[in-house]
Amino acid sequence: MKTQYYTASSLDGFIADQNNSLDWLFQFGSEPEGESSKFVSEVGAIAMGSNTYEWILNNHIKDDAPRPQKWMFEQPTWVFTSRRLPIVENADVRFVSGDVRPVHKQMSEVAGGKNIWLIGGGGLVGQFYDCALLDEIIVSIASVTLGGGAPLLPRAITNPPLKLLSATTYGSAFAELRYEVCK
């Protein structure tokens, strides 16, 4: 079982633009066939921050969303928040706050040996890193720069550095980098 941060980023290290938009990413269409579905099949639990959850609600779940669809995750999902947020019907979403360590323990038990996916944002992932709970970072780097926005991971990771496990290109727009977090 691994705790993995799997996301897409601009070349200059942002996961959303200054308006919290992902339009820069959607211009490329969907991910390479089978890549994300293989990753998701190995996931037993998910964690995300409140901004990510609200983005999913506003862009996919609400009736007036630009890309309406039902809740896309079958896995139990923990949303870290200090606010009261809307509930998605027929979704296993658990609202939590505070220290990530006890929540990670719960997620590990529920995941049943499968991986834990940290969707984002970068600040939440940084908390898992700070507690030595992050095992891998998998980031698809898109061929755009944003000049600002939500950072990929607002932490200095220098000593020990991350260990590059693989680098794969997808078409002319993406390079997927997979790193082990050395502890």
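Data for the structure
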| read-out | value |
| --- | --- |
| Inter-centroid distance (Cα atoms) of the stretch 45-63 relative to the stretch 125-183, Å | 21 |
| Karplus (6.51, -1.76, 1.60) ³J(HN,Hα), θ = phi - 60°, over the stretch 83-91, in Hz, Gly and Pro reported as x | 10, 7, 10, x, 9, 8, 5, 6, 10 |
| Residues in the stretch 158-179 reached by a label modelled at SER143 [backbone nitrogen below 20 Å; 7 Å Cα→Cβ] | 167-178 |
| Equivalent-ellipsoid semi-axes of the stretch 45-121, from the Cα gyration tensor, Å, largest first | 22, 14, 10 |
| Pairs beyond 26 Å (Cα-Cα), from LYS70/LYS105; LYS2/LYS62; LYS105/LYS183; LYS114/LYS163 | LYS70/LYS105; LYS2/LYS62 |
| Interchain or long-range residues, amide H under 5 Å from PHE95's placed H | VAL79 |
| Max mean-square fluctuation residue, GNM over the chain, Cα-Cα springs under 10 Å, options THR81, THR169, THR52 | THR169 |
| Mean projected area in nm² (Cα convex hull; one quarter of hull surface) for the stretch 3-180 | 10.3 |
| CD proxy at 222 nm, helix term only [per DSSP H run n ≥ 4: -39500 (n - 2.57); per residue of the chain; nearest 500] | -5500 deg cm²/dmol |
| Bridge type composition, the chain - antiparallel percent by DSSP, nearest 5 | 40 |
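A short reminder: the numbers here are calculations on the coordinates, not readings from a lab. Quantities reported herein were computed from a predicted structural model and do not represent experimental measurements. As a convention, Cβ positions derive from the backbone with ideal geometry for all residues, glycine included, and neighbour counts pool all protein chains shown.
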